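Heads up, the thing below is written out as structure tokens.
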Amino acid sequence: MKELIKLDNGEYAFSAEYIEQDNEEYRGNPLIEALPPMLSINESYEQLSYIPEYNEKERDLSLLHRYHALTRLTRFYQPLEQTLELEVSFSRLLRNGYIYRNPKSKSHAEALLEMHRRLEKKEPLGLPPDIRKTASSLSIIGFSGMGKSSAVERILSLYPKVIIHKYPLNIIQVPWLKLNCPNDGSPKTLCLDFITKIDETLGTNYFKQGLKRESLSFLIIYIGQLARAHCLGVLVIDEIQHMLTAKADVSNSIMNFFVTLVNEIGIPMVFIGTTKAKQLLQVNFRQARRAGGHGELIWEQMKIDDNWEVLMTRMWTYQWTKEKAELTKEWQELMHYESQGIVDIAVRLFMFAQSYAMEKGYDKISPNMIRKVSEKYLKMLQPMLKALREGRLEDIARYDDITPFDIEEFLIQRETPINMRDKITREKEKIAEKRQQKEISILQKVTLTLMNLDIDGKLAEMTAKKIIKENKEIAPQEAVQLALTIINEQMETKKATANNSKNKRTMNIIYKIVDNGRKERQSAHDSLLEKGLMIAPLSDNKLF
């Protein structure tokens, strides 16, 4: 088992464990050997998938429980073919970038010393050609909401944020760092964001007083030194199209800055942006060439094919309405038409339709609900979706930067018809909401666990609610144990009550037999003997 080491920010990082490499170029390089193993296509699909928990019996639970369960759809993730292609490209980009940055080599120490010297003397940055020649970049271009950033984040999650190399290396390795391009298009802002992100990741204090007053050239050398010292594997820059909002000279300045990072510091880069970003990456020939170093992935919407059917089939499982709508070819075509093959929109439509059905009291979703929620809740996206349907590529770019809204925020706003609380002051509502979010989460976990133990859904939810109400700070595991104890006690009580009732009935029969016997001037003994409820002395007969 890997050893965990606590960082200064309270987070934990794994101590390096080295895996011998089959690839000759990777062998003997601790930065590559400490990374997780390369994945096959099947392994990649398995590890990138996220299938939230679901139980068919949940559809019998209360309206509130089912409504809150909808948020699980926001965590549903199924990798597509282009996701798997991206994983292979990123894996190669990361490892190739480390080939000439082996900390065991003499050149690694020399480069660090040289950057420190240039930083002190405020000289321009420059590294030996052998360090730079494996550095490259990858660009991922596509319309908003296509899932570019989600795919990259899923792939980044396959790699640790920090790896600790002990003696004799004594290195804190940062395999990847992800930044959003600043809205003001300022290279200086990006440099400062980089330093801040390093501090957040490692718990360091590199962001010093007065740093904002330093020149851009100083900051570039400074982040170059940090990137080399912490063996940064790949720098990911998201929302690169923001640069187009900046003035031309500022935009050119930051593009030159990116060129410097790749060319001078030798750090591989991943650029993520909308189709507008393609123009930006081609402003400079050197950058266009570098951006194609490991390929340019055009992130397109899905077509109606086997991949779409697999996605819809998996997603269609997550229905919390009273009745389940069966997935048909017509449903698949409708979902594709309304979402235009954009996975993020398809998932949202599916969730919004269920939310609408619950609010209006319908037992299941219908095609008309999909159309209605698309028009009502995705109004801002309709021009872009219409342009996609009609194939007007020149118009699509106009809607390229439409920002998808927060789904969980939407559900919270729509919770009023579901009705949880009404007349509470603003401050109390905030406190209650935080507490309730925690309780709902625990309620779902406890109820699901009990249902998985074959306990009736309504009994499971009722018992879980009672326990959580009476024990505000209880942990899910304790709540499950307590619920099982209560349910067992209830069952035992019912059993004992049933037995007592049976005994009472038996005694009533005996009294009646004796009473009737007296009327016939028979003794109690003779009456019971006659009815077979007693045996005569020395008789071989047995009762019952």
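Bear in mind that the values in this text are calculations on the coordinates, not laboratory data. Every value quoted in this text rests on a predicted model; they were computed, and no experiment measured them. Here the Cβ is made from the backbone with ideal geometry for all residues, glycine too, and neighbour counts use every protein chain on show.
Points to keep in mind about this one:
- Pairs from the table (322/445; 276/372; 458/495; 324/386; 322/376; 57/376) lying more than 28 angstrom apart at Cα are 276/372; 324/386; 57/376.
- Taking 32 Å as the limit for the C-alpha separation, the pairs 161/278; 303/379; 2/212 exceed it in the case of 2/212.
- Neighbour net charge for residue 338 - beta-carbon separation under 11 angstrom, K R +1, D E -1: +2
- When peptides 37-43, 230-236, 48-54 are ranked by their average number of other Cβ atoms within 10 Å per residue, the highest-first order is 230-236, 48-54, 37-43.
- Full-stretch length increase - residue 366, residue 477 - with 0.36 nm per residue and alpha-carbon distance subtracted: 36.1 nm
- In order along the range 96-104, the phi-based Karplus estimate (6.51 cos²θ - 1.76 cosθ + 1.60, θ = phi - 60°) of 3J(HN,Hα) comes to 4, x, 8, 3, 9, 10, 6, x, 7 Hz; Gly and Pro are listed as x.
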